[in-house]
Amino acid sequence: MEIYTSRKKNIFLLFLSLLFLAAGIYFVLHGEEIAAGKRSPLLVQGIGIAAIAFALLALFFTIKNLLNKRWVLRANPEGLYLRIRNELFIPWQEITGFEVFEVRGSKSVLIMLKDPQAYIAKEKSPFLRKMMQWNLRLCGTSVSISSSTMQISHKELLALLIEYWNKYKK
């Protein structure tokens, strides 16, 4: 089984990122008008700068996803391969189960691991290592998958992962 990114979902995210960028630019250029004596123009412009930074980051990752023609998740009898950050291989025997974690309507599939610290230790990027540690404290595991940009819903993803895990765990 191989799962790829969804062009349709990424084009929608690209559109949202461009809207966010436009709003941020508008806030920066028209901060005084928006504030109109009720708020500090610097606060409005600061919000605009933050929106621009967030939008540019989102644009970078969305464009990267649109140009990526490779799979983002692959499952076979040996285990689970994730290409969300870097390529990560998790043998089925290392997985203890799957759970769903929801934040403001956005659902992620948590991959519960026997030794989540081992996967944190393997990560080379200090930023991603910190994110994995934060994920471990918050969710009880260091690895999670969001299907928001995949060609599959989170329910279908969870069902496939459980099916493969039940079939190949030993």
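The values are calculated or read from the model by the stated rules, or taken from the named source; none is laboratory data. Model, not experiment: these values are computed from the prediction. Neighbour counts are summed over all protein chains in view; Cβ atoms, including those assigned to glycine, are modelled from backbone coordinates with ideal geometry.
The residues of segment 85-120 that are closer than 22 Å to residue 5 by Cβ and surrounded by 15 or more Cβ atoms within 10 Å (Cβ to Cβ), listed by number, are 88, 90, 98, 101, 107, 108, 109, 110, 111. Checked against the criterion of being modelled with pLDDT under 95 and over 30 Å from residue 166 (Cβ atoms), the candidates 56, 67, 80 yield just one match: 67. Could you list all residues from segment 121-145 that are surrounded by 15 or more Cβ atoms within 10 Å (Cβ to Cβ) and either in contact (Cβ under 8 Å) with a residue 60 or more places away in the chain or over 16 Å from the mean Cα position of the chain (by Cα) (or both)? Result: 123, 143, 145. Pairs are defined by a Cβ separation below 9 Å, a sequence spacing of at least 6 or placement on different chains, a first member in segment 155-168 that is surrounded by 18 or more Cβ atoms within 10 Å (Cβ to Cβ), and a second member that is among the aromatic types (Phe, Trp, Tyr); the pairs so defined are 158/98; 161/98; 164/92; 165/92; 165/98. Does residue 2 satisfy the condition of being among the acidic types (Asp, Glu) and over 30 Å from residue 145 (Cα atoms)? No, not satisfied. Counting only residues that are assigned to a loop (DSSP other than H, G, I, E, B) and touching a strand residue (DSSP E or B) at 6+ places or on another chain (Cβ under 9 Å), which one in segment 70-110 is farthest from residue 125 (Cα to Cα)? The qualifying residue farthest from residue 125 (Cα to Cα) is 78. For first residues located in segment 8-36 and more than 30 Å from residue 151 (Cβ to Cβ) and assigned to a helix (DSSP H, G or I), partners that are of a type in the set (Ser, Thr, Tyr) and modelled with pLDDT under 95 and lie 6+ apart or on another chain with Cβ distances below 7 Å do not occur.
For the structure I just gave you, tell me whether residue 61 is among the aromatic types (Phe, Trp, Tyr) and loosely packed, with under 15 Cβ neighbours inside 10 Å.
Values: among the aromatic types (Phe, Trp, Tyr): yes; loosely packed, with under 15 Cβ neighbours inside 10 Å: yes.
For residue 61, the condition - among the aromatic types (Phe, Trp, Tyr) and loosely packed, with under 15 Cβ neighbours inside 10 Å - is met.
Among the residues that make up segment 14-21, is at least one of them under 22 Å from residue 153 (Cβ atoms) and at pLDDT below 85? The answer is no; no qualifying residue exists.
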